[in-house]
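**Student:** Can you read through this structure? Questions will come right after.
The values are calculated or read from the model by the stated rules, or taken from the named source; none is laboratory data. Keep in mind the model is a prediction, meaning the values are calculated, not measured. Because the Cβ atoms are built from the backbone with ideal geometry, glycine has one as well, and the counts that use them run over all protein chains shown.
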Amino acid sequence: MRALWYERFGASDDVLTFSDMEKPQAQSGEVLVRLAYSGVNPSDAKARAGDGPGVPHPPYPRIIPHSDGAGVIEVVGRGVDSGRIGEKVWLWNGQWQRAFGTAAEYIALPAHQAVPLPDAVTLQTGATLGIPALTAAHTVFGGGPVKDKTLLVSGGAGAVGRNAVQLARWGGATVIATASAQSRHSVEKAGAHAVFDYSDPDLSARIRQAAPEGIDRAIEVEFGANATLLADVMRPLGTIATYGSGKDMTPTLPFGSYLFKALKIDITLIYLLPLPERQAAIEKLHEALNEGALQPQIQDVLPLDEGARAHDLVMRPGRAGAVLLEL
């Protein structure tokens, strides 16, 4: 099979290799999926570059990157229903704590990590669901229904943020989002009731004016950079559901403000989401997809042999959607 792989950390052009490899076999409890698309995420590019804390070298001799993807089940291992052969599926955690991910023509992985794709959903869309859409679904709905609540989505033009805006609006929330000035129209089109420039020096005041009673739940991509703003705009007993803090990984909190509002900080790393919570997020995603309320945006679809370029694109500021490799 054709595959993209690396054996050492480094720049994408230096370490990513495209070549033929032996096709994997489905073991007991596994399925073999012929992939149509592989989803590329910032976490994949950071892992390849060696940006993980305390990881001096790759954990396996050879790694096929990427955790997201979509395709068709060709073979089932012992103990898996043979009726699943021919089933369209999308994948999660393809390369999490495993050597071989989705940047190849085939992947063998536990059967429950291959989720049946709703009939009306394309394989391209399916390849975007693993990390961006599941993160959005859990951060929006992980605390329960959001109907009649006010949600703040930071970075509303990003892959997770745009999904979160759509899901929150579908869930019946009033949605306030932040984005760049150039992305405002796109985020409004996704369903946000109000969109503010995240570089506005009066951002806190604008959010408070739009939500005078405060924010019930914040979906936060840059927790450290926005910790002080959140203390100002959150409603007492509100929850900050954060999945990133790239600009400040060691934030200093205004603890007094958090304390006297009894704010909750809910940190999400979607790779570690327990199965019951993951299944709840999957059900929300499928329901929204079937109703046409969720339409993940795709920016670039590249051939597998342009994997290095895809890794660079997914890290580019201002990216307006998912980056996929076509198998």
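**Student:** Which of the residues spanning region 118-158 are among the acidic types (Asp, Glu) and under 21 Å from residue 178 (Cα atoms)?
**Tutor:** Passing the criteria: only 148.
**Student:** Could you pull out the residue among 251, 303 that is surrounded by 13 or more Cβ atoms within 10 Å (Cβ to Cβ) and either under 16 Å from the mean Cα position of the chain (by Cα) or under 27 Å from residue 232 (Cα atoms) (or both)?
**Tutor:** Unique residue meeting the criteria: 251.
**Student:** What number of residues within region 155-179 satisfy the criterion of being touching an Asp or Glu at 6+ places or on another chain (Cβ under 8 Å) and in a helix (DSSP H, G or I)?
**Tutor:** 1
**Student:** Could I ask something else about it? Here are some conditions: (1) more than 20 Å from the chain's Cα centre (by Cα); (2) surrounded by 15 or more Cβ atoms within 10 Å (Cβ to Cβ); (3) not polar (S, T, N, Q). Residue 40 meets all but one. Which one does it not meet?
**Tutor:** Only one criterion is unmet by residue 40, namely (1).
**Student:** Which ones in region 120-154 are in contact (Cβ under 8 Å) with a residue 24 or more places away in the chain, assigned to a loop (DSSP other than H, G, I, E, B) and surrounded by fewer than 24 Cβ atoms within 10 Å (Cβ to Cβ)?
**Tutor:** Selection gives 120, 121, 142, 143, 145, 146, 147, 148, 149.
**Student:** If the Cβ limit is 9 Å and pairs must be 6+ apart or interchain, which residue in region 168-188 that is of a type in the set (Asp, Glu) pairs with which residue that is at pLDDT 95 or above and in a strand (DSSP E or B)?
**Tutor:** Going by the 9 Å Cβ cut-off, the qualifying pairs are 188/177; 188/194; 188/195.
**Student:** Going through 123, 117, 203 one at a time, which residue ends up being of a type in the set (A, V, I, L, M, F, W, C), modelled with pLDDT of 95 or more and within 17 Å of residue 321 (Cβ to Cβ)?
**Tutor:** 123
**Student:** Also, I was wondering about something else. With the checklist (1) touching a helix residue (DSSP H, G or I) at 6+ places or on another chain (Cβ under 7 Å); (2) assigned to a loop (DSSP other than H, G, I, E, B); (3) charged (D, E, K, R) in hand, flag the one item residue 22 doesn't pass.
**Tutor:** Going through (1) touching a helix residue (DSSP H, G or I) at 6+ places or on another chain (Cβ under 7 Å); (2) assigned to a loop (DSSP other than H, G, I, E, B); (3) charged (D, E, K, R) one by one, residue 22 breaks only (1).
**Student:** Limited to region 149-171, what total is found for residues that are over 17 Å from residue 286 (Cα atoms) and more than 17 Å from the chain's Cα centre (by Cα)?
**Tutor:** Counting residues in region 149-171 that are over 17 Å from residue 286 (Cα atoms) and more than 17 Å from the chain's Cα centre (by Cα) gives 4.
**Student:** Being part of a helix (DSSP H, G or I) and either buried (at least 20 other Cβ atoms within 10 Å of the Cβ) or touching a Lys or Arg at 6+ places or on another chain (Cβ under 8 Å) (or both) is the filter here, so list the residues in region 309-327 that pass it.
**Tutor:** 310, 311, 313, 314
**Student:** Right, another one. Here is a list: 238, 256, 224. Which entry is in contact with a strand residue (DSSP E or B) (Cβ under 6 Å, 6 or more places away or on another chain), assigned to a helix (DSSP H, G or I) and either among the small types (Gly, Ala, Ser) or surrounded by 21 or more Cβ atoms within 10 Å (Cβ to Cβ) (or both)?
**Tutor:** Just a single option satisfies the conditions, and that option is 224.
**Student:** Please tell me if residue 49 is touching a Gly at 6+ places or on another chain (Cβ under 8 Å), among the aliphatic types (A, V, I, L, M) and over 27 Å from residue 117 (Cβ atoms).
**Tutor:** Yes; evaluated as a whole, the condition is true for this residue.
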